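The structure appears below as C-alpha cells.
The values are calculated or read from the model by the stated rules, or taken from the named source; none is laboratory data. In this text the structure is predicted, and so the values were computed from the model without any measurement. Neighbour counts are summed over all protein chains in view; Cβ atoms, including those assigned to glycine, are modelled from backbone coordinates with ideal geometry.
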Amino acid sequence: MFEPSGSPRVFGLPPGVDFPAALVDGMLRRVEGAPPEALGRVHLIVNTQRMARRIQSLLRGGGARLLPRISVITDLGRDWRMADIAQPAPPLRRRLELIQLISSLLDQQPGLAPRTALYDLADSLAVLMDEMEGEGVSADIIDRLDISDQSGHWERIRTFLNIVRHFTEGRGAPGAEARQRKVIQRTIERWQDAPPRHPVLVAGSTGSRGTTQLLMRAVAALPQGAVVLPGFDFDMPDHVWGALDDPMLSEDHPQYRYHVLRAALGLERIARWTDAAPPSAERARLISLALRPAPVTDQWLEEGPNLRDIPAAMEGVTLLEAPSQRIEALCIAMRLRAAAETGQTAALITPDRGLTRRVAAALDRWGIIPDDSAGMPLHLSPPGRFLRHVAELSLGALTAESLLTLLKHPLTHTGGARGAHLRLTRELELHLRRNGPPYPGADDITAWAKAQGTPEAQAWAKWIAGTITAREAPDARPLEERVEMHITAAEAIAQGSDGDGLSELWQKEAGEKARAICAMLRAEAPHGGSMTATDYTALFTAILRTGQVRSATAPHSGILIWGTLEARVQGADMLILAGLNEGSWPESQPPDPWLNRALRHQAGLLLPERRIGLAAHDFQQAVLSGEVWITRSVRSDDSQTVVSRWVNRMQNLLDGLPAEGGETALEQMRARGRTWLDKAALLEDVAPVDPAPRPSPRPPVEVRPDRLSVTEIKRLIRDPYAVYAKHVLHLRPLNPLMQAPDALLRGIVLHEVLERFIKDSAEDPRHLTREALMTLAQDVLLREVPWAEARALWLARLERVADWFIETEIARRELAMPTAYEVRGRAVMADLGFTLVAEADRIDIDAEGRLHIYDYKTGKPPSRKEQIHFDKQLLLEAAIAERAGFGDLAPCRVARAVYIGLGGTPAEVPAPLDEEPADQVWQGLRDLIVAYRELRQGYTARRAVQRKDEVGDYDQLSRFGEWDITDDPAAQEVP
C-alpha cells in the first residue's frame, strides 16, 4: 500500500471533509490494481465503534470485496497474547473503595466538601488515577511537585493522594487505562521485534491521550504503517504552528494535539491522504485565521485583507441569535421540520442536552421523533425515577408526598390490577388532603382501609404497610444490606398487592439498563463498606446518571441529534451547531478538587483546556460543512449569555474586514437567521383574546345559600364570589398534600391547648399556672404537630404570652366563670328561610347570669372599625346568644364579647356592643340577606378585600389578574 519511507507516515484530511468517506476512498485508491486480498490484509485501527460501523457501511456499499480488519484501539487488549495481563478492576469497585477513604477524610475534615459529593469526589479521583496511568505519570511525581507557591490546601491534598496511591498499589487488578497502556506497550515491543508486513492504519484519532499517541507514533514508523488525522488544518502557516509550543497558552487550540504529534515524530509536513477538500476553501481559510492562537491574532491585520469573496464563502452559513433558549429550540425544530419535508438529512450538533430535549419537545407538535444518538439520561427515565424514589424512602419518615409520588408512578403495581390501584390511590389522596396526617404510618393507612369496608382496600393497605411504610433507615449500614433492601422493595412495589404477573420495572430498554446497573451495584457492594441513607441515595443517583437510554419508538431517519463525538464520524446534508455560548459549547470545565492547572502541568497531566481544544476541533470540522446553522440564545433563563469564543472570533474577524465583504457576509448570515426568527414569531402569534371581566354572577334565588356561619358573613361582605363558588358551585379548595405548619393549624392547636387548660383550671384553680399551661402545650404540640421546628417556634411564642394570659385570665375569672367550650349556636330567619350558625370558643357566665363570649386569635384581632363594617363574628355571636342561645344555654343578655389576641403583642379587643347592639346587628344581617335574595344582586369578586395582595381560594376561578379591583363588575346571569 505504501512506498518505503525513511520518515514516519502521517497523513491528514482537512476540516469539513467527511472523514470516514475520504478515508475509505484513500484506501481503495491505494489498492487499485492490487490483488483482491490486498484490502483484506489491511488492519485498520479506529478510535470508536461508531467510526468502525460507518466505515464498514461505506465499504459494503461499494460492491463485493474483501473487507479490511477493522478494530477499535481498545480491542487490541483482546488478543490472546495479552491474556497474562490482568483484566482491569470494575470501575464501580474502585469508586466504592475510594468512597470509603474519602468518607473517612470528610469525617476528619468536614469543611472539605459536602457528603453529597462523595461519589463525585471518588469518581474524579478515579479519573485522575486513570489519567495518570494512561499518561504514564508515576505516582512518585506527586511527591516531587513544587507546591511552595500553593496554599496549605494542596499539601493536604498531596498527603491524601499519597494515601490513595499506597492503597491502589496493593491491589492486584490494574485500572482500565493502566491495562490499556500495558497492552499498547507490549504491542509496540512485539512490532519492534517482528514488524507486521501488512498495512496497519490508525485513523480518526487526534492523539489527545498519551496511550493513543504512543500507538500512533509506533504505527507511523512501521514499514507499512500510517496515521490518518481528521480535520488537519493545511491552511495554517508554519510560523503559526511554531506558536503552539506552550501548552499553558495553546492547549485550547483545535490543532494543538497535531503540533505535539508532529514534534514527537520530528515531522515538518503532513501529507494529504486524498485530494478531498471542504465545500468552501475560502471559508476554511477564514475559520483557520479566526481560530489562530491568542498570541498571534495580530496576524488578522496582515492576512485578513488577503481573504477573497467572503460573502460567497459564508453563503451557506446562517447565524441565528435567538432572544431565549425556547425560541432557539423552536427555530431549530422548524428548520428540522423543513428538512424532513424536503427529504434533506439534517443533524443538530450540541453538547447541551437540555437544548436537545427542548428541540425534541418542539418537534413533537408535528409528530417528528428525532434520531437522538444519546437518548435520555437513565436517571430521568421511568425506571430511574422509580428506583430513586424507592431509595429515598430510607432517608426518614414517610411523607404523604413521597407516598403518593410512588403510588402514582407508572411502574407501581404493574404486576396486578392497575385500575383498582389507581382508584384506591385517588381515594387515599383525597383522604390525606382532607384529614392528614402529613406523615402517614402503617396504622393510619390500615385505619383508612378499614373505614372503606372492602377486602380489596384492606389488602391494598396491607401491601403498602409491608412495602412502603416504615422503611426509614438513616444510620450507617453495610452497602450489601442497603442494596438488597432497595432492590427487594422496588420489585415488591412494582409488583403490586394482588398480582402474580411480571411487573414492568425491568422491561424495555430502560428497565434492562436499570437492571444491569442494579446487578453491577449488587455484585460490587461488598467493596463499599457501610453507608448512611443519605450517602447511599447520592451514590445510587450518581451511578444512574452514567447511563443513557434510547427511545424505543422508531425515529425519523433523516432528522438526527448528535453529540460532538458522533458528529466526527457521520455526515449530513446540513448541520445545526446549537447552543454556542460560553459554558455550553465549549462546556464549562468542572473544577478539579485534587490538582490545579499549574500542578497538572508540572506533573505532566492533561490540562483542563484539552477538552476545550477538542471541542474547538469539532467546531472547526462542523462549521466547514456545506449548509451550516450557528445558533445561540442571547439570554438564558435568568441572565445574559456570553457568545462562544469561536463565534466571537469569527464575528470580530468579519467585522474587521469591511472592504473584503466581511461586514456584508456577517449581516447576510444574521439576516438569514432573522428570517427564521420571524417565522417562529408567526408560528407563536395568536389572535388576541379579550381579558375576562370582573365577574358578578347572579344565580337563581332558590340555589343561593340558605345557611352561613358567622365567619362567612365577613367573606360575603368582602368577597361575595368566594361564597358563590363554595355554596352555589359547591367547590372546595383541596388542602396541600404536605400540610404546612401554617396559621390555620397553629390556631387549631392553640384552641385545643386553651380549651383543655381552661377546663382543668376551672375544675381545680391550682392548675391556673404558667407551668401547667406550658406542660399541656408541650403534650398537645408533640401529638398534633409533627414538625420539630414548628413545635419549638410555637412553644416559644406561647411562652412569651403565657404570663400575660395567666394574669388576664385571673381578671376574667373575677368577672365570670367558664361554662361552655366550643359550643354551637344557631338562629333562624324563618321568613327568609335562612339560618346563621356559629361556634363560640368559650362562654363564661357571671353572677347576674349574663354571658361573656371570648374568641381566641393567634394573630392580630380585628379593630373596632373592622368589626363595625366587616368582621362581625363576635357581634353576630352576641346576637345569636340573645336571640336563640348556644347549646344548652338559654337566650340571655351578653355583657361582653372579647377577642383574646395571643400574637406578638397580646391584647384583649372587645366587640363594640354599645355601638352595635344585638338587635341592630341582627337587622343589618337581615338587610344583607334580603339584598342577596334579589336576583339583580350579584356575587361580585373581591368586592372589598382588606389588602390588594390578599390571595383568595377562588381567584383563579374568577380569573383575577385579567381584571383588577378598579374594573366595574360584569353581571352574569347563571342558569
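Of all residues in region 357-405, exactly one satisfies the criterion of being among the aromatic types (Phe, Trp, Tyr) and surrounded by fewer than 22 Cβ atoms within 10 Å (Cβ to Cβ), namely 366. Residues in region 273-330 that are hydroxyl-bearing (Ser, Thr, Tyr) and within 21 Å of residue 17 (Cα to Cα): 274, 280, 288, 318. Take region 416-448 and flag every residue that is in contact with a helix residue (DSSP H, G or I) (Cβ under 8 Å, 6 or more places away or on another chain), closer than 28 Å to residue 502 by Cβ and modelled with pLDDT under 90. Hit for region 416-448 is 416, nothing else. Yes or no: region 812-834 includes at least one residue that is closer than 25 Å to residue 745 by Cα, buried (at least 20 other Cβ atoms within 10 Å of the Cβ) and over 51 Å from the mean Cα position of the chain (by Cα). Checking region 812-834: at least one residue is closer than 25 Å to residue 745 by Cα, buried (at least 20 other Cβ atoms within 10 Å of the Cβ) and over 51 Å from the mean Cα position of the chain (by Cα). Selection of region 314-328 for residues being in a helix (DSSP H, G or I) and in contact (Cβ under 8 Å) with a residue 60 or more places away in the chain yields 325, 327, 328. The conditions of being among the polar types (S, T, N, Q) and in a loop (DSSP other than H, G, I, E, B) are met by residue 570.
Out of curiosity, is residue 877 assigned to a helix (DSSP H, G or I), in contact (Cβ under 8 Å) with a residue 40 or more places away in the chain and within 29 Å of residue 819 (Cβ to Cβ)? Taking the combined requirement at face value, the residue satisfies it. Given 968, 919, which one is farther than 16 Å from residue 716 by Cβ, at pLDDT 90 or above and exposed (fewer than 11 other Cβ atoms within 10 Å of the Cβ)? Just one listed residue meets the conditions, 968.
Scanning region 565-591 for residues that are at pLDDT 80 or above and among the β-branched types (Val, Ile, Thr) returns a single hit, 576.
For region 479-493: of the residues being in contact with a helix residue (DSSP H, G or I) (Cβ under 8 Å, 6 or more places away or on another chain) and more than 21 Å from residue 404 (Cα to Cα), which is surrounded by the fewest Cβ atoms within 10 Å (Cβ to Cβ)? Checked region 479-493; the qualifying residue surrounded by the fewest Cβ atoms within 10 Å (Cβ to Cβ) is 484. Being touching a His at 6+ places or on another chain (Cβ under 7 Å) and either part of a helix (DSSP H, G or I) or in the same structural domain as residue 438 (by TED's automatic domain parsing) (or both) is a condition met by no residue of region 778-792.
Residue count for region 70-85 under the criterion of being exposed (fewer than 13 other Cβ atoms within 10 Å of the Cβ) and either small (Gly, Ala, Ser) or closer than 18 Å to residue 198 by Cβ (or both): the result is 2.
Counting only residues that are touching a residue at least 40 places away in the same chain (Cβ under 8 Å) and closer than 30 Å to residue 474 by Cβ, give me the helices (runs of 4 or more DSSP H) lying completely in region 331-437 with at least 2 of them.
Values: elements: 353-363, 382-392, 400-408, 418-435.
Answer list for region 331-437: 382-392, 400-408, 418-435.
Which one of these does residue 444 not meet: (1) part of a helix (DSSP H, G or I); (2) touching a residue at least 60 places away in the same chain (Cβ under 8 Å)? Exception for residue 444: condition (2).
To keep it simple, each residue is scored yes or no on (1) part of a loop (DSSP other than H, G, I, E, B); (2) touching a residue at least 40 places away in the same chain (Cβ under 8 Å); (3) within 30 Å of residue 187 (Cβ to Cβ); (4) not assigned by TED's automatic domain parsing to the domain that holds residue 521.
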residue	(1), (2), (3), (4)
67	yes, no, yes, yes
96	no, yes, no, yes
100	no, yes, no, yes
105	no, yes, no, yes
116	no, yes, no, yes
127	no, no, yes, yes
130	no, yes, yes, yes
133	no, yes, yes, yes
136	yes, yes, yes, yes
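For region 263-313, the set of residues classified as acidic (Asp, Glu), within 44 Å of the chain's Cα centre (by Cα) and not in a helix (DSSP H, G or I) consists of 298 only. If a residue has to be in a loop (DSSP other than H, G, I, E, B), modelled with pLDDT of 90 or more and more than 9 Å from residue 896 (Cβ to Cβ) to count, how many in region 847-860 make the cut? Counting residues in region 847-860 that are in a loop (DSSP other than H, G, I, E, B), modelled with pLDDT of 90 or more and more than 9 Å from residue 896 (Cβ to Cβ) gives 3. Residue count for region 710-730 under the criterion of being at pLDDT 95 or above and of a type in the set (S, T, N, Q): the result is 0.
Can you spot a residue in region 801-823 that is part of a strand (DSSP E or B), within 30 Å of residue 932 (Cα to Cα) and touching a strand residue (DSSP E or B) at 6+ places or on another chain (Cβ under 7 Å)? Even if it seems obvious, please write down each step before you answer.
Keep residues of region 801-823 that are part of a strand (DSSP E or B), which gives 817-823.
Next, from what is left, pick out any that are within 30 Å of residue 932 (Cα to Cα): 822-823.
Next, from what is left, pick out any that are touching a strand residue (DSSP E or B) at 6+ places or on another chain (Cβ under 7 Å): 822-823.
Among the residues of region 801-823, at least one is part of a strand (DSSP E or B), within 30 Å of residue 932 (Cα to Cα) and touching a strand residue (DSSP E or B) at 6+ places or on another chain (Cβ under 7 Å), which makes the answer yes.
Look at (1) without any contact (Cβ under 8 Å) to a residue 40 or more places away in the chain; (2) over 21 Å from the mean Cα position of the chain (by Cα) and you find that residue 576 fails only one, number (1). Of 451, 457, all but one fail to be part of a helix (DSSP H, G or I), closer than 25 Å to residue 501 by Cβ and over 27 Å from the mean Cα position of the chain (by Cα); the exception is 457. The residues of region 629-650 that are assigned to a helix (DSSP H, G or I) and either touching a Ser or Thr at 6+ places or on another chain (Cβ under 9 Å) or free of Cβ contacts under 8 Å to residues at least 24 places away in the same chain (or both), listed by number, are 648, 649.
Regarding residue 508, is this residue basic (Lys, Arg), surrounded by fewer than 17 Cβ atoms within 10 Å (Cβ to Cβ) and farther than 30 Å from residue 107 by Cβ? Break it down into steps so the answer makes sense when it comes.
Values: basic (Lys, Arg): yes; surrounded by fewer than 17 Cβ atoms within 10 Å (Cβ to Cβ): yes; farther than 30 Å from residue 107 by Cβ: yes.
In short, yes.
Scanning region 552-563 for residues that are β-branched (Val, Ile, Thr) and either in a loop (DSSP other than H, G, I, E, B) or surrounded by fewer than 20 Cβ atoms within 10 Å (Cβ to Cβ) (or both) yields a single hit, 553. In region 721-750, of all residues being touching a residue at least 12 places away in the same chain (Cβ under 8 Å), of a type outside the set (A, V, I, L, M) and under 15 Å from residue 786 (Cα atoms), the one that is surrounded by the most Cβ atoms within 10 Å (Cβ to Cβ) corresponds to 746. Every condition in (1) buried (at least 19 other Cβ atoms within 10 Å of the Cβ); (2) basic (Lys, Arg); (3) out of contact with any Leu (no Cβ under 9 Å at 6 or more places or on another chain) holds for residue 50 except the one numbered (3). The numbered conditions (1) over 29 Å from residue 928 (Cα atoms); (2) among the acidic types (Asp, Glu); (3) buried (at least 19 other Cβ atoms within 10 Å of the Cβ) are all true for residue 848 except (3). Contact map, region 670-696: residues that are surrounded by 15 or more Cβ atoms within 10 Å (Cβ to Cβ) paired with residues that are in a helix (DSSP H, G or I) and of a type in the set (Ser, Thr, Tyr), Cβ distance under 6 Å, separation 6+ or inter-chain. Pairs shown: 695/958. Are any residues in region 935-956 surrounded by 12 or more Cβ atoms within 10 Å (Cβ to Cβ), of a type in the set (A, V, I, L, M) and closer than 16 Å to residue 733 by Cβ, and if so, which ones? Within region 935-956, just 941 meets the criteria.
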